[in-house]
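Structure record follows, encoded as structure tokens.
The values are calculated or read from the model by the stated rules, or taken from the named source; none is laboratory data. Only a predicted model underlies this, so the values are computations on that prediction, with no experimental measurement involved. Counting neighbours? That spans all protein chains shown, and the Cβs are built from the backbone with ideal geometry, glycine included.
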């Protein structure tokens, strides 16, 4: 629900644009009339303008857009500054030139290199940009560009383009017709590659000496350590560990590792002392002397304390 101001108008009245020429007031709905009736000056406007400025700062926090209204205290003026930078005359000129360049350079020649779907999407995007800046193309011009830039050498496709010139009167209907033709003539190319095909291309692939042809298999600690030695290996490792079904797939092995960690202390305590690590007779006498010395020092230090406590009790 839009924020309603005390003057009865939505908060968007603060950032309203001028009405287009030729629009009659009686044809506007009640909400739009409220937006264009509210005053853009006075005490209430200043309050609403500050609220707009607060919202804009929150939306643009830590972005490049924040720079363009940093020293502006009025919400309406801040919005204008952002619009001028991102959608002003210079930016609109750049976008129109980019759209015209796209229409000039885009072609459909081979489904495997540049699909028909991408081709018509590029055309449509360019048409939309020109229409936004009131330089829309007529339907006949859109059809002419579509047909002339379809330069696929397939003979049946070219026949369908000729038929489409006669049957289709709009850009949208022509696109639907030709998309159906492309799907029929190039079924293998048009069909998206399955994940199984992608996996088969990774057969006998190694990285850091580790076989990564099957990322769903179990990787032991030594293989994980090797993968972690390079950036490419760490990316692969992230895919392995990010697999949500990994824990379920290797549940037995993961539970066994956890169980071994819990028994780690007992395992260390029960490990027999190796022959080479035993103390010699001379070393044992030295250790015994050190223990006796520490014990005597502790006894002499604590005896006065014990006597004091007994006396006090």
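Here is how the numbers come out for the structure above:
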quantity	calculated
Failed criterion for residue 130 (all others in (1) within 30 Å of residue 20 (Cβ to Cβ); (2) surrounded by fewer than 15 Cβ atoms within 10 Å (Cβ to Cβ) hold)	(2)
Any hit, region 62-73, residues being farther than 24 Å from residue 129 by Cβ and at pLDDT below 85	yes
Subset of region 157-204 [surrounded by 12 or more Cβ atoms within 10 Å (Cβ to Cβ) and modelled with pLDDT under 75]	189, 190, 199, 202
Region 98-109, residues that are farther than 14 Å from residue 137 by Cβ and surrounded by 11 or more Cβ atoms within 10 Å (Cβ to Cβ)	98, 101, 106, 107, 108, 109
Filter result for residue 22 (in the same structural domain as residue 75 (by TED's automatic domain parsing) and not in a helix (DSSP H, G or I))	yes
Which numbered condition residue 62 misses (of (1) over 31 Å from the mean Cα position of the chain (by Cα); (2) part of a loop (DSSP other than H, G, I, E, B))	(1)
Selection count where residues are surrounded by 16 or more Cβ atoms within 10 Å (Cβ to Cβ) and either within 27 Å of the chain's Cα centre (by Cα) or modelled with pLDDT under 90 (or both), scope region 80-91	1
Among the candidates 81, 99, residue that is touching a helix residue (DSSP H, G or I) at 6+ places or on another chain (Cβ under 8 Å), assigned by TED's automatic domain parsing to the domain that holds residue 182, over 30 Å from residue 187 (Cα atoms) and without any contact (Cβ under 8 Å) to a residue 40 or more places away in the chain	99
Residue in region 68-75 that is touching a residue at least 60 places away in the same chain (Cβ under 8 Å) and either surrounded by fewer than 12 Cβ atoms within 10 Å (Cβ to Cβ) or farther than 30 Å from residue 121 by Cα (or both) present	yes
Only one of 131, 111, 141, 135 that is out of contact with any helix residue (DSSP H, G or I) (no Cβ under 6 Å at 6 or more places or on another chain) and part of a loop (DSSP other than H, G, I, E, B)	135
